[in-house]
Amino acid sequence: MKHKKIIAAFLLIIILFTFACCGKNEVDPFGDTEPTVITTTEEVTTTEAPTTEEATTEKGKTLYATANVNVREKPDTDCRIVGKLSLGESIELIEHLDSGWSAVKYGNKRYYISTQYLSEKKPTDKTEFADPLAKDRITVDPTEGNPYLVVVNAKRAADSSYKPALSEIFDTGYYMEEGVTPYYEEMYTAAKKDGITLTPYSGYRSYERQKNNYINLTKQYMSQYKLNEEDAARKAATVILPPGTSEHNLGLAMDICNTRDDFANTKEYKWLTENAHKYGFILRYTADKQDITGIVPEPWHWRFVGVEYAEDIKNSGLCLEEYLGIE
């Protein structure tokens, strides 16, 4: 009987350790207002960790995603998703593992991607999609003037080659522009003292991921509403902006906690409306300004403009375009 109790206790410890390492209570750091439109490739299902002898080291080599694929905390499909790569996005290889996974450098840390979705050759994305506002759009340089007041919207886009310098928020796997991260961390800490958790949900998003999300939603609307491609793309642009026109592409915005309309009824939202300006953040998309911003209300989307401007913008009752006199 004593031996049975010891064995049972030992098995319980193993189960608890497994859940601690590979829990399924995940948050998608690159989620969108329409997360269901992103099709993420299923990975291999091995759970066996490789030994040193099983690994093939090719450290520093650049590889490309051949599909939308998850980046995992450990080489196991049950483990936490720390990010995603879009088709064609590059990643630095640390080593290939014989178990079917590859260790990669993601946000300066070692994480894992299923090897079958990585390639040394960048895949060609031949997807065509309608962008009905492209003909009227101008290109802006986010590095000119005050970078925290740059306006991107359906009529103003950053070039596809632009990528901000990023830094991680605490140790979470979520990223913002390196100058913004300390302010988000300060805001997070202050809210925590008030019993509020401002969980990061979607921060920086690459140009390629934005393009993928926009195309996917356009296709969904074509099917769902029986629209032609241009009309579907125009409707999609009110929810997920075309690539280069999203504040997420600049690393200046964070979707906080979730992307549900009922977020406006939460204590987290109430705290943000009362305090976010103290840390340089403003609520960017509201119902009364939709005809100007072109975006449906997003109570979860908070944009950094700097402490010296946030309170004034909030008190003015103007959206960023109105405040700066920009269409």
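Observations
- The stretch 223-264 and the stretch 138-175: distance between their alpha carbon centers, rounded to Å: 17
- R0 of 25 Å, Cβ-Cβ distance Lys121-Asp98: FRET efficiency to nearest 0.05: 0.65
- Filtered trypsin sites (Lys or Arg not before Pro), the stretch 145-237: DSSP coil and at most 15 other beta carbons within 10 Å: Lys226
- Under the combined filter of DSSP loop state and at most 13 neighbouring Cβ atoms within 10 Å, the stretch 170-233 retains these GluC sites (Glu not before Pro): Glu178.
- Other residues with beta-carbon under 14 Å from the beta-carbon of Glu308 carry, at +1 per Lys or Arg and -1 per Asp or Glu, a net charge of 0.
- Distance violations [Cα-Cα > 30 Å] among Lys105/Lys267; Lys135/Lys219; Lys135/Lys314: Lys105/Lys267; Lys135/Lys314
- Thr143-Phe170 pseudo-label distance in nm [points 7 Å out on the Cα-to-Cβ vector]: 3.3
- Coupling constants for the stretch 279-290 follow from the phi torsions by the Karplus curve (6.51 cos²θ - 1.76 cosθ + 1.60, θ = phi - 60°), and in residue order they are 10, x, 10, 10, 6, 8, 10, 10, 5, 6, 10, 4 Hz; glycine and proline get x.
- Compared with the direct C-alpha span, the chain from Tyr225 to Asn265 gains 11.5 nm at full extension, assuming 0.36 nm per residue.
- Residues in the stretch 75-83 carry Karplus couplings, in order, of x, 7, 5, 8, 7, 4, 7, 9, x Hz; the curve used is 6.51 cos²θ - 1.76 cosθ + 1.60 with θ = phi - 60°, and Gly or Pro positions show x.
Readers should treat all values here as calculations from the given coordinates under stated rules, not as data from a laboratory. Remember, it's a predicted structure, so these values are computed and weren't measured experimentally. Every residue, glycine among them, receives a Cβ derived from its backbone with ideal geometry; neighbour counts consider all protein chains shown.
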